[in-house]
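Take a look at the structure below.
The values are calculated or read from the model by the stated rules, or taken from the named source; none is laboratory data. Note that the structure is predicted; figures quoted are calculated from it, not measured. Quick reminder, even Gly has a Cβ in these numbers, built from the backbone with ideal geometry, and neighbours come from all protein chains shown.
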Amino acid sequence: MRDLFNRLIKLTDHAELFGLDSTIDLIGFENNRLKSLNTLASRGVAIRAISKNRMGQAYASDLRDPDTLAARVAELATLGDPPEFDFAPAAPLTHVPLVDPALESMSIESLTTLAQEAIDTVRQSDPAALVHFLGERTLERITVMTSTGADYAYDRLYFTGALSVERVEGRNIVQLAKYHKGIRCPRSLEPLARDIAADLALARQTRPFNPGKLDVIFAPAALADVLMAFTGGIDAEMVARKVSPLHDKLGQSILDPRITILDDPFHPDGIFSAPFDDEGTVTRRKAIVERGVLKEFIGDRKSCTRLGIAPTGNGFRLTPFDLYKTYSQGISADTTNLVIEPGTTPVDELRSKVGSGIEVHQINGILLGDLISGDFSGSLEVAYRIDGGQRVGRIKDAMISGNFFDIFRNQLIDLSSERSWSGTFGGCSGAFLLPYIALEGIDIAGA
Amino acid sequence: MKNRIADIISKYKKQCDLIEIRVEEFNRTEIAIRGPRIEMLREAQELGGAIRVYLKGGMGFMSFNDLSVMDSAARKAIDQARIAGRSRTVLADVPVVRDDYRAPIDRDPRDVPLPKKLEILKQYNDMILNYDSRIILSSIRYRDEFKVSWFANSEGSDIRQERLDIGCNFAARAGDASGSQMAHVGTGSSRSFDVVMHREDELREACGRAVELLGAPTIRGGKYTVVIDPHLAGTFVHEAFGHSSEAEKVYENEHLAELMKIGAAFGSPVLNIYDSGITEGSRGFVKYDEEGVAARHTELIRDGILVGRLHTRETAGKMKEAATGSARAVDYRYPPVPRMRNTCIAPGRSTLDEMLDGIELGVYAADALGGQSEEMFTFTAGYGRMIRKGKLCELVKNVTLSGNLFTTLKDIDMVGSDFRQLESGGGCGKGGGRLFQFPLPTGTGAPHIRIQNVVIGGN
């Protein structure tokens, strides 16, 4: 890799190399039993090079011929456009411990035992349930070198476990999933199993509802999807091009003052922690929204330069809709661990406060819309009716829609004191530490 | 390559119920233009492989892009399968295939020099940016890939095959004080670079629509009779039924298998759905799938009745049905799972006018941004028009439609005769309890269709 980098800096004016060596161990339980064990190992590089103020890029897993690869990138650069930004300079890094030796040394057999126990717990409470588990232990070594002085590497190890359940009764299909995400060795997956068993008992009961403007509690997984109607607008690229509705709102109150949103690359439990981003820019913890006030945008080096701000350390190469790093994706702006500060009201009390309404756990379809304006719309995949401050059963065949900026500014009821790590696409993608949030008067369409 | 693969298979085949090896070598060119600049100009070369082992019903899978580890990867995959295997391996019988398949290519993108590709795309980009002062952003993403893959298994199949894939998406965003609106054009092929050519008219239409959408109201949420255009109908069939046809959710779930048994009534008698791996030129064209099975034309619904589904050898074997050649993986890093290829609603007899006729208040939804499916599925239109007293009326925005697997297909009461094959520039993503794989090239085809009782989100 260093060999390739040295050839690149000889052939071009400036160069950047991102190296990734990753091993993912997967444990797959299907229909209550262990079905497969997989290991995905890959290593490769992504390179960007500037010659005569023009940029070309390449990625490769086959590094046997570094001369040809370096020469080809130099040639590509002659056809590119001016990069309009500089590669990352050397800078002091914050040490972030990201490899738990206990997780590293944990045997696959021990992990499968934890998963089997969790599956047994769900099955004890509902013997007709079909339970699946997908466990992924990912070890990544990330290297960034630039001709402007950055030369860093770090290792990241994390474990995600998706416990999901299917229950078919007549024409009623219930599918629920809960996620464990962490950088430490999991001691037990029992809490996940108990959660899913409780929700399953509830979800089997379908309840009618009246469409209209209803009070809604977003559980963390649903909130993560809805948040995408916000994060598009903080991307420095969309701000610089004045496409973001937030482009002239810095320093202004845009959300309810009880809302604080952080981008925290140093969170001790966050699987998305990193001392530097995939361009070699050092990362830092920052409030994006503090007590409702818009404080900062995020970007990669190009978009930050375009906007005229210092690079924020948010340039990443991520698999679309997933959280693995990959050398085969281009750089784009992404949050690290996205954290919303909790409220003080326990979830039970939040439900009492709402009295009657809907609690949404999983929405599908939101991420496919054009979200930049803050407008979102999706189907309620998993949602429960709240009556008398209690969840009383599942509602089906309904859609939710709204504008993020309107509802999180004007219609907030309260935030829960409990939080959990979740993600988009029903919880699977990304690292979001989120409370439950209750809002009033949300549009629910349906039968 | 062939010999290396054969050596490993003969060395380890006695220890496995099935061992298969695939190795892929591919070259990609990617161009991204946004606004006035080339954002990314990139080439890639990859070489990688995977070894999959079945043993006593358990599956071990190792993927790697350091080919020197192939022997140890085989041993590890056998160990993995041994730990997971606790019953019996059941796989559908398939013919042994020995073939060296050359992709039929009309115009090879590798013969189009990079400066020429850039020139073509930049012309489109200029056209978008100069269309109207309210166009604030353009976006063009082009990708071509040529792949050679080797596949062999312990049953004696030995295949070398080529595959070309081209995808291109164009987007125009219009903006004013009210906000911004986007319109897309997508294209793709497994056969010719020519699909990127002569897109001017479609692009102009998209630019015009983006501008026109700026003044359009958001649709009122509710339940409507909808008529959807062939493009959105293609996304609809992919989401509404295609994903549910993928057999891995059904094959060991007796309750779901009962609901989705062959012969069950799923739609009205006007509905015919198929998924074809043999549509030449489609991005969903598959000569041999990632299990070495020749792809077929698979009927899924005939006259409203469920008649087939999409299988891997394992799901087919366990359900005592035939393999369909739909075991696909995005690339060597992933194990194959049942996936769609080119999913279509077959043409019917109705005209658009007949469909609109008699609709007092409804929605014409067109163009697709995408979709997502579970039991309930969502598909997002690029735009809509209200239908009033049988006539197409004002433009509406934010048209997101929802449906239910067990009711919406039955609510299709008319199918048009105006079938159109569509290739998107993107791809299909799938996780659902297994490793997320994206983007897999797929195609769709459909005519206009009419559906009753569709829930549309909105205020």
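Working only within region A:398-428, note down all residues that are more than 21 Å from the chain's Cα centre (by Cα) and either among the β-branched types (V, I, T) or not in a strand (DSSP E or B) (or both).
A:I400, A:D406, A:I407, A:R409, A:N410, A:Q411, A:I413 - these are the residues of region A:398-428 that are more than 21 Å from the chain's Cα centre (by Cα) and either among the β-branched types (V, I, T) or not in a strand (DSSP E or B) (or both).
Yes/no matrix, rows are residues, columns are (1) outside any strand (DSSP E or B); (2) facing another protein chain (nearest Cβ under 9 Å); (3) of a type in the set (S, T, N, Q); (4) buried (at least 18 other Cβ atoms within 10 Å of the Cβ):
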site	(1), (2), (3), (4)
B:L41	no, yes, no, yes
B:Q45	no, yes, yes, yes
B:G48	no, yes, no, yes
B:A73	yes, yes, no, yes
B:P95	yes, no, no, no
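Wholly within region A:49-145, which helices (runs of 4 or more DSSP H) include no fewer than the required count, namely at least 2 residues that are within 14 Å of another protein chain (Cβ to nearest Cβ)?
Numbers: elements: A:66-77, A:101-105, A:108-125.
Passing ranges, in order: A:66-77, A:108-125.
Could you list, in sequence order, the residues of region B:296-308 that are outside any strand (DSSP E or B) and either closer than 12 Å to B:R341 by Cα or modelled with pLDDT under 95 (or both)? Steps first, answer last, please.
If we filter region B:296-308 for residues that are outside any strand (DSSP E or B), which is where we start, we get B:296, B:303-304, B:307-308.
If the condition is that a residue be outside any strand (DSSP E or B) and either closer than 12 Å to B:R341 by Cα or modelled with pLDDT under 95 (or both), then B:R296 is the only one that fits.
Determine whether B:I21 is in contact with a helix residue (DSSP H, G or I) (Cβ under 6 Å, 6 or more places away or on another chain), part of a helix (DSSP H, G or I) and farther than 30 Å from B:N125 by Cα. Walk me through how you get there before you give the answer.
On the way: in contact with a helix residue (DSSP H, G or I) (Cβ under 6 Å, 6 or more places away or on another chain): yes; part of a helix (DSSP H, G or I): no; farther than 30 Å from B:N125 by Cα: yes.
Against the criterion (in contact with a helix residue (DSSP H, G or I) (Cβ under 6 Å, 6 or more places away or on another chain), part of a helix (DSSP H, G or I) and farther than 30 Å from B:N125 by Cα), B:I21 does not qualify.
Take the residues in region B:204-231 that are closer than 27 Å to B:L129 by Cα and within 12 Å of chain A (Cβ to nearest Cβ); name whichever of them is surrounded by the most Cβ atoms within 10 Å (Cβ to Cβ).
It comes out as B:A210.
Test B:E280 against the stated conditions and say whether it is charged (D, E, K, R), part of a loop (DSSP other than H, G, I, E, B) and surrounded by fewer than 22 Cβ atoms within 10 Å (Cβ to Cβ).
yes
Across region B:307-337, which residue is farthest from B:V237 (Cα to Cα) among those that are more than 13 Å from every other protein chain (Cβ to nearest Cβ), in contact with a Leu (Cβ under 7 Å, 6 or more places away or on another chain) and crowded, with 20+ Cβ neighbours inside 10 Å?
Here the residue is B:R313.
Considering (1) part of a loop (DSSP other than H, G, I, E, B); (2) more than 14 Å from chain A (Cβ to nearest Cβ); (3) farther than 21 Å from B:E299 by Cα, say which one B:G348 fails and leave the rest.
(3)
For region A:150-243, list the helices (runs of 4 or more DSSP H) that sit wholly inside it and hold at least 3 residues that are of a type in the set (V, I, T) and touching a residue at least 60 places away in the same chain (Cβ under 8 Å); which are they? Can you show your working first?
Numbers: elements: A:190-203, A:220-234, A:236-240.
Here the list reads A:220-234.
Quick test for you: out of A:E359, A:E381, pick the one residue that is at pLDDT below 95, within 16 Å of A:F218 (Cβ to Cβ) and either within 14 Å of chain B (Cβ to nearest Cβ) or buried (at least 18 other Cβ atoms within 10 Å of the Cβ) (or both).
Matching residue, one of A:E359, A:E381: A:E381.
How many residues does region B:153-205 hold that are over 22 Å from B:P441 (Cβ atoms) and small (G, A, S)?
11
Would you mind finding the one in B:F379, B:F406 that is touching a Leu at 6+ places or on another chain (Cβ under 9 Å), within 16 Å of B:G242 (Cα to Cα), facing chain A (nearest Cβ under 9 Å) and surrounded by fewer than 24 Cβ atoms within 10 Å (Cβ to Cβ)? Don't jump to the end; show me each part of the working.
Numbers: B:F379 fails: surrounded by fewer than 24 Cβ atoms within 10 Å (Cβ to Cβ).
Criteria check complete, one pass: B:F406.
Could you run through region A:70-89 and say how many residues are free of Cβ contacts under 8 Å to residues at least 60 places away in the same chain, within 34 Å of the chain's Cα centre (by Cα) and loosely packed, with under 15 Cβ neighbours inside 10 Å? If you could, list the steps in order and put the result at the bottom.
Taking region A:70-89 and keeping what is free of Cβ contacts under 8 Å to residues at least 60 places away in the same chain, we get A:72, A:75-76, A:78-82.
Remaining after also requiring within 34 Å of the chain's Cα centre (by Cα): A:76, A:80-82.
Subset that is loosely packed, with under 15 Cβ neighbours inside 10 Å: A:82.
Qualifying residue count for the region: 1.
Can you tell me which of A:F376, A:F405, A:F432 is surrounded by fewer than 24 Cβ atoms within 10 Å (Cβ to Cβ) and either closer than 18 Å to B:G221 by Cα or not polar (S, T, N, Q) (or both)?
Numbers: A:F376 fails: surrounded by fewer than 24 Cβ atoms within 10 Å (Cβ to Cβ); A:F432 fails: surrounded by fewer than 24 Cβ atoms within 10 Å (Cβ to Cβ).
After applying the criteria, what remains is A:F405.
Looking only at residues in region A:319-349 that are among the small types (G, A, S) and closer than 21 Å to A:F276 by Cβ, which one is farthest from the other protein chains (Cβ to nearest Cβ)? Write out each step before concluding.
Going residue by residue through region A:319-349, those that are among the small types (G, A, S) are A:328, A:330, A:332-333, A:343.
Applying the additional criterion that residues be closer than 21 Å to A:F276 by Cβ yields A:328, A:330, A:332-333.
Details: A:S328: 7, A:G330: 5, A:S332: 10, A:A333: 13 Å.
Going through the qualifying residues, I end up with A:A333.
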